[in-house]
Amino acid sequence: MPISVDQYAWDANEEYLFKAMVAFSMRKVPNRETTEISHVLLCNVTQRVSFWFVVTDPSRNHTLPAVEVQSAIRMNRNRINNAFFLNDQTLEFLRIPSTLAPPTDPSVPIWIIIFGVIFCIVLVATMLLIISGIRQHRRKNKGPSEMEDSEDKCENVITIENGIPCDPLDMKGGHINDAFVTEDERLTPL
């Protein structure tokens, strides 16, 4: 089983830990509970920490099938990676595909989050509509009451002259255009 480790300080202690982790993985397989560290053999170890290994069965004096070793490694790959503080990209077992991390389950289901957001948007929109309706109602109520209190009550009748709707001038209110008032009239009281 070939293995490759990218840029990792590898010494006799690390080698022993790797053998122990493989032996641990093999002990998890049924009928392989007696696997010892001495049953894991490393071969062709290079400076770049690349080697292949086999697991032997001392009762029969032969190596265990690669499929059996691969399944044991696959089941415990996360523990092996964690023992060396590595991941599937830095500790690569050739012929054993990378394991995907199980999807994390959020503490709150996604549908509740979406429902909460939509509910809040609807709630805010409803409150804005109610508040704007109350403001408009108050403005309507203030408008007619002010006109009723004033002494000048006049009906606005829209007349149409030459096909153009025109508002009649409010002659009672007395709007004065200061541009046409002479200097004497401004200073002379009425």
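Which members of region 42-64 meet the condition of being closer than 25 Å to PHE85 by Cβ, over 41 Å from the mean Cα position of the chain (by Cα) and surrounded by 14 or more Cβ atoms within 10 Å (Cβ to Cβ)?
Narrowing region 42-64 to residues closer than 25 Å to PHE85 by Cβ: 42-53, 55.
Narrowing further to those that are over 41 Å from the mean Cα position of the chain (by Cα): 42-47, 51-53, 55.
The answer is LEU42, VAL45, PHE51, TRP52, PHE53, VAL55.
Of the conditions (1) open to solvent by less than 100 Å² (accessible area, probe 1.4 Å); (2) at pLDDT below 90; (3) in a helix (DSSP H, G or I), ARG139 clears all except one; give me its number.
Only one criterion in (1) open to solvent by less than 100 Å² (accessible area, probe 1.4 Å); (2) at pLDDT below 90; (3) in a helix (DSSP H, G or I) is unmet by ARG139, namely (1).
Being in contact with a strand residue (DSSP E or B) (Cβ under 9 Å, 6 or more places away or on another chain) and either closer than 17 Å to THR63 by Cα or among the aliphatic types (A, V, I, L, M) (or both) is the filter here; which residues of region 8-20 pass it?
LYS19, ALA20
Do any residues in region 72-97 that are surrounded by 15 or more Cβ atoms within 10 Å (Cβ to Cβ) have Cβ atoms under 7 Å from those of residues that are in a loop (DSSP other than H, G, I, E, B) and modelled with pLDDT of 80 or more, where the two are at least six apart or on different chains, and which pairs are they?
Within 7 Å, the pairs are ALA72/LYS28; ALA72/VAL29; ASN76/LYS28.
The values are calculated or read from the model by the stated rules, or taken from the named source; none is laboratory data. Here the structure is a predicted model, which is why all the values come from computation and not from measurement. Cβ sites come from the backbone with ideal geometry, for glycine too, and all protein chains shown count toward neighbours. Ligands, DNA and RNA are stripped out before the accessible areas are found, and what is left, the full protein with its side chains, is counted by its heavy atoms. Shrake-Rupley method; radii C 1.70, N 1.55, O 1.52, S 1.80 Å.
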